Amino acid sequence: MVLLIFLLVILLVVGLGWAIFRQVNTSREGEMILDADMDSQYEEALRKRQMPYGPVAFGKDFQWMAVKATYRERVAAALGLSNIEMVNWQYGLHKAKENYVFITPNISGWILATGWGLGEVRKKPELLEKLSRDFGEVQYFHTHQGSQSHSWMRYMNGELIRKLVCEEGDILTNKGTLATAEAKFDMEHPPTENLVFDIANEWSLSPTLLDTVDYSNIEGLGTLGYLQP
């Protein structure tokens, strides 16, 4: 009799433990599904949102190219983008932080292509050479203040004009004709993201200033695409 009661107690404890485990596990699964659903809803809201039509500033801890071109479709074709769609700036820049490329409308004669989907452009000089031959001029910028990694490059008609690459505070490459903004750059110390923005503004335009009144008349939709690695 005692043994039977003991076995019943064990079964009761095991059953209760299993029920609690299933409840906790189900709750966690529900939270994961809810989080994924919220992320999906957020992306869909950005995709459908038609405001603001004007540009959205970017540039911090990011990379981008400035291409001397009129039509973004030509830049997208030259890069070889696939799965192309027209999107607003907010959604385009959101996806550009993933494995996609966002191409802006024409901004004062420049098309900006941005996103981690571009890959490690600073290690692909042949791409910049080709684009500069196709369009006359292309520039590349990269900033990451936390790791002190910054780069700026300029190509014209297939020729390298300026290239500086700094990774984790160490200058790995420094060649070509300095930008005027570099006069204040002390080579004994790593560059800052503000210097990168100043050089971009000198050569073409700084994307950190795109939300100012000077660019308020720019068309609102850009091109989003995927670049095969």
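The values are calculated or read from the model by the stated rules, or taken from the named source; none is laboratory data. These numbers were taken from a predicted model, which means no experiment stands behind them. As a convention, Cβ positions derive from the backbone with ideal geometry for all residues, glycine included, and neighbour counts pool all protein chains shown.
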Just name the residue that is farthest from F58 (Cα to Cα) out of those in the range 130-150 that are surrounded by fewer than 22 Cβ atoms within 10 Å (Cβ to Cβ) and touching a strand residue (DSSP E or B) at 6+ places or on another chain (Cβ under 6 Å).
F135
What residue, among those in the range 155-176 that are over 24 Å from the mean Cα position of the chain (by Cα) and part of a loop (DSSP other than H, G, I, E, B), is surrounded by the most Cβ atoms within 10 Å (Cβ to Cβ)?
G158
Count, please, the residues in the range 54-72 that happen to be in contact (Cβ under 8 Å) with a residue 60 or more places away in the chain and part of a loop (DSSP other than H, G, I, E, B).
11
Scan of the range 81-113 for residues that are more than 17 Å from I218 (Cα to Cα), in contact (Cβ under 8 Å) with a residue 60 or more places away in the chain and not aliphatic (A, V, I, L, M), ordered by number
S82, N83, E85, K95, N99, Y100
The residue from E219, E188, E182 that alone is outside any helix (DSSP H, G or I) and free of Cβ contacts under 8 Å to residues at least 24 places away in the same chain is E188
Mind checking which residues of the range 188-198 are surrounded by fewer than 18 Cβ atoms within 10 Å (Cβ to Cβ) and either touching a helix residue (DSSP H, G or I) at 6+ places or on another chain (Cβ under 6 Å) or farther than 18 Å from H144 by Cα (or both)?
E188
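Table: residues versus (1) modelled with pLDDT of 90 or more; (2) outside the structural domain of V196 (by TED's automatic domain parsing); (3) of a type outside the set (A, V, I, L, M).
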residue: Y42; (1), (2), (3): no, yes, yes
residue: V56; (1), (2), (3): yes, yes, no
residue: V75; (1), (2), (3): yes, no, no
residue: I84; (1), (2), (3): yes, no, no
residue: I103; (1), (2), (3): yes, no, no
